[in-house]
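Below is one structure, written out as structure tokens, with a few remarks after it.
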Amino acid sequence: MTLSIQHTIQEADRCVACGLCLPHCPTYFKTGSEADSPRGRIQLMSAVAKEIIPNNARFKAHINACLSCRNCETACPNGVRYGALIDSARSITQQPTRFAQWLYWLTQRPYALRMTSQLLRLAQRTGSLTLLSKLNGNLAHKIALLPTLTRTQSWQPFYPAANSKRGAVNLFLGCITNAFDAETLRASVHVLTQLGYDVYVPPAQSCCGGIARQQGDSATAEQMTANNTDAFENRLPVLTTASGCGAGLKDYTDLPIQDISDFLAQCDWSSTPLQPLEKHVALHEPCTLRNVMKSAKSVAVLLNHIPHIKVSALKGNMQCCGGAGTYMLQQPEMAQALLDDKIKSLNADSYDYLVTSNIGCAMQLGAGIRQNNMPLQTLHPVVLVAKQMGFKSDLD
């Protein structure tokens, strides 16, 4: 969990300041500032913990500018737990915007969040959101992040295997995914049951705690973690469709967490026919899927079960898209700069689909695609697979 002051100092002191992390850090790449690099931030955290420098606005600005992509961890020869350090630092520095506070409040109230989603869906369909964007510049950026919303779902606690049973799994819903991308969750149930898996959806599950942790509220994050540990007590694999949620659950629980694409890539597909798809797919790797879940390669394996599909890794996948949970709301300038790089990569070739395994990345990238009038549809990889198995999408 969140490190104590003493443990923060001990972990920070494990950094040998070699600088191997610097080329992997998106904010250092953009700013060239040592204070906006992992090495620099670790030194700042250590100095504040030791009361050498004050916990002032300048310190907070450098900490809050971090994306928590954790690219640095993959380059660190000493295995410094940067993720734990930045989470601990945020518990004393974060000052969320009013909009982020409102979103955080909603994540703790799933019914209110789903109702908000449906109100926004109605506003999308009537054109009210478009009008509001034109009238209120402050809201325009936030409205632009919304995907095309589909209906929310009242989940059954159990979905039986549709074919000869091979096993059973849990499905983690997530607060934002459940409200704004229930389509991916429905597709997941469809694919899993068609492959012969019983799917459990424990009603007592809650938010993974990621947004609370990002807002510096470690107490609420720990409460949500404990709640999910109790909810998934059957010890079956807990499959996540949002890698950000999966990363948080993997870091802060001992549950058997697995990304759904990783699980499906290891399944037997020999008796499950998939319709051919002669389309070119750009594959985006969320940072949390690559750096924490360690299962980014599984997505291409899964998609290549579709006959005739062409899957290409998006150039620059090692750099963050700028979504990073609520980062795109709280640090819009840096988020936009990183998004611009992704749009350039997408423009470098001709694609039919962009697939990504994290709801925050999908919202960030989808906004950029719409802003640039690109003829691309942004999907979760499981939705693309499900559609080749007869899944009826609300977006078709």
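The values are calculated or read from the model by the stated rules, or taken from the named source; none is laboratory data. Because the structure is a prediction, the values reported are computed rather than measured. Quick reminder, even Gly has a Cβ in these numbers, built from the backbone with ideal geometry, and neighbours come from all protein chains shown. These accessible areas exclude ligands, DNA and RNA; they are computed on the full protein's heavy atoms, side chains included. Shrake-Rupley method; radii C 1.70, N 1.55, O 1.52, S 1.80 Å.
Tell me which cysteines of the chain come out unpaired when the rule is another cysteine's Cβ under 4.7 Å.
That list is Cys15, Cys18, Cys25, Cys66, Cys76, Cys267, Cys321, Cys361.
Which order do Phe158, Phe232 take by accessible area at a 1.4 Å probe, largest first?
Phe158, Phe232
Spelling out what I want: for every residue of the stretch 126-142, take phi, set θ = phi - 60°, compute 6.51 cos²θ - 1.76 cosθ + 1.60 (Karplus), and round to whole Hz; glycine and proline get x.
Result, ordered by residue: 8, x, 5, 5, 4, 5, 4, 4, 6, 8, 10, x, 5, 8, 4, 5, 5 Hz.
Could you pull out every residue, at least 5 positions away or on a different chain, whose amide H is within less than 5 Å of the one on Leu379? Hs are placed 1.01 Å off N in the peptide plane, and Pro or chain starts have none.
Leu354, Val355, Thr356
Rounded to whole Hz and in sequence order, give me ³J(HN,Hα) for the stretch 386-396 from the Karplus expression 6.51 cos²θ - 1.76 cosθ + 1.60, θ = phi - 60°, writing x for Gly and Pro.
Listing the rounded values in order: 4, 5, 7, 10, x, 5, 8, 7, 5, 8, 7 Hz.
What percentages make up the Cα-Cα pair-distance distribution of the stretch 281-367 when the bins are 5 Å wide from 0?
Each 5 Å bin holds this share of Cα pairs: 3, 15, 26, 25, 18, 9, 3, 1, 0.
Got a number for carbon plus sulfur as a percent of the stretch 249-359's accessible area, 1.4 Å probe?
In the stretch 249-359, the share of accessible area belonging to carbon and sulfur is 49 percent.
How big is Rg to Rh over the stretch 218-310, alpha-carbon atoms, Rh as the Kirkwood inverse-mean-distance radius?
Using Cα coordinates only, the ratio equals 1.07.
Where the centroid of each part is defined by its Cα atoms, how far is the stretch 233-290 from the stretch 177-222 in Å?
So the two Cα centres are separated by 12 Å.
Carbon and sulfur: what percent of the stretch 2-83's accessible surface (1.4 Å probe)?
Exposed carbon and sulfur together represent 55 percent of the surface.
Solvent-accessible area per residue for the chain at a 1.4 Å probe radius, Å²?
Value returned for the chain: 43 Å² of accessible area per residue.
Does anyone have the angle between helix 243-252 and the longest principal axis of the chain? Alpha-carbon axes, 0 to 90°, nearest 10?
60
Within the stretch 134-230, what whole-number % of the accessible surface is contributed by carbon and sulfur, with the 1.4 Å probe and all protein chains included in the calculation? Walk me through the numbers on the way to the answer.
Numbers: 1900 of 3740 Å².
Carbon-and-sulfur percentage of accessible area, whole number: 51.
Skipping prolines and chain starts, which residues have an amide H placed within reach, meaning under 5 Å, of the one on Val311, given they are 5 or more residues away or on another chain?
Excluding prolines and chain starts, which carry no amide H, the hits are Val281.
Output the antiparallel fraction of DSSP beta bridges having both residues in the chain, as a percent to the nearest 5.
Bridges in the chain that DSSP calls antiparallel: roughly 10 percent.
Measure nothing fancy, just the Cα-based angle from helix 332-347's long axis to the longest principal axis of the chain, in degrees from 0 to 90, nearest 10.
Roughly 50 degrees, rounded to the nearest 10.
Report, as a whole number in µm² per second, the diffusion coefficient that Stokes-Einstein gives for the stretch 118-262 at 20 °C and 1.002 mPa s using the Kirkwood radius over alpha carbon pairs.
The calculation lands on 129 µm²/s.
Tell me the Kirkwood hydrodynamic radius of the stretch 1-145 in angstroms, computed as one over the mean inverse distance between distinct C-alpha pairs.
Across the stretch 1-145, the inverse of the average 1/r is 17.6 Å.
Pairs of Cα atoms under 8 Å, at least six residues apart: use those to get the relative contact order of the stretch 140-280, whole percent.
Relative contact order comes out at 23 percent.
Which order do the peptides 56-64, 234-242 come out in when sorted by mean C-beta neighbours inside 10 angstrom, highest first? If you can, show how the numbers build up before the last one.
Values: 56-64: 16.1, 234-242: 21.8.
So the peptides 56-64, 234-242, ranked by packing, come out 234-242, 56-64.
Of Lys250/Lys342; Lys279/Lys315; Lys30/Lys315; Lys250/Lys294, which ones are farther than 20 Å apart at the Cα? Walk me through the intermediate numbers first.
Values: Lys250/Lys342 27 Å; Lys279/Lys315 18 Å; Lys30/Lys315 17 Å; Lys250/Lys294 11 Å.
Long pairs (Cα-Cα over 20 Å): Lys250/Lys342.
If you line up the long axis of helix 359-371 against the longest principal axis of the chain, both from Cα atoms, how many degrees apart are they, to the nearest 10?
80
Please list, in order along the stretch 182-192, the HN-Hα scalar couplings obtained from phi with the Karplus expression 6.51 cos²θ - 1.76 cosθ + 1.60 (θ = phi - 60°), rounded to whole Hz, x for Gly and Pro.
4, 4, 5, 5, 5, 4, 5, 4, 4, 5, 5
Could you tell me how far the Cα centroid of the stretch 142-167 sits from the Cα centroid of the stretch 339-386, in Å?
One Cα centre to the other: 21 Å.
What is the Rg over Rh value, at two decimals, for the chain, using alpha-carbon atoms and the Kirkwood definition of Rh?
So for the chain, dividing Rg by the Kirkwood Rh gives 0.95.
Quick one: which of 43-54, 314-325 comes out on top by average Cβ neighbours within 10 Å, and what's the full order, highest first? Spell out each step's value before the answer.
Values: 43-54: 16.8, 314-325: 23.0.
Top of the packing list down: 314-325, 43-54.
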